[in-house]
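Participant: Before I ask anything, here is the structure I am working with.
Values quoted throughout were computed directly from the atomic coordinates according to the rules given, and no laboratory measurement underlies them. Fair warning: this is a prediction, and the values are worked out from it, not measured in the lab. With ideal geometry, Cβ positions are generated from the backbone for all residues, glycine too; neighbour counts draw on all protein chains shown.
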């Protein structure tokens, strides 16, 4: 997220503080971010690990849980995807190939705007 570009940061080393001053009047507006509600972290083994499932999101309504391995996104192995964004704006659903223990299942999850 690009939140910090809306602030001027001042580092007060003597008092061990950082000060954030907004560059704009009023609230900071963010672009919508499409997500399933599953927070993923990359694993050096070539997959994503589900770090957390946000409550009240499409991911929370599935069997997905922290610790699951995501091996595929929309049928493409994670290791082959490169650095493509996961929140492509035109997409409505994401299909995840999930491994939990010895079982592998396909889970279809709706994408929603997390920031409105």
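Participant: Let me have the 222 nm mean residue ellipticity of the chain computed from DSSP H runs of 4+ only, each contributing -39500 (n - 2.57), with the sum over all residues rounded to the nearest 500.
Facilitator: Numbers: 1 runs with 4 residues, N = 116.
Dividing the helical sum by the residues of the chain leaves -500 deg cm²/dmol.
Participant: Sorted by average packing, counted as other Cβ atoms within 10 angstrom per residue and highest first, what order do 100-113, 6-19, 50-63 take?
Facilitator: Highest to lowest by the protection proxy: 50-63, 100-113, 6-19.
Participant: Hey, another quick one. In whole angstrom, and with the biggest value first, how far do the Cα coordinates of the chain range along each principal axis?
Facilitator: 54, 31, 27
Participant: Additional query: In percent, how large is the relative contact order of segment 1-40, given Cα pairs closer than 8 Å and 6 or more residues apart?
Facilitator: Once normalised by length, the contact order is 31 percent.
Participant: Provide the FRET efficiency to the nearest 0.05 for the residue 39-residue 14 pair, computing r from the beta carbons and using R0 = 30 Å. Present the calculation step by step, with values, prior to reporting the outcome.
Facilitator: Details: r = 36 Å, r/R0 = 1.22.
Given R0 = 30 Å and the Cβ-Cβ separation, E is 0.25.
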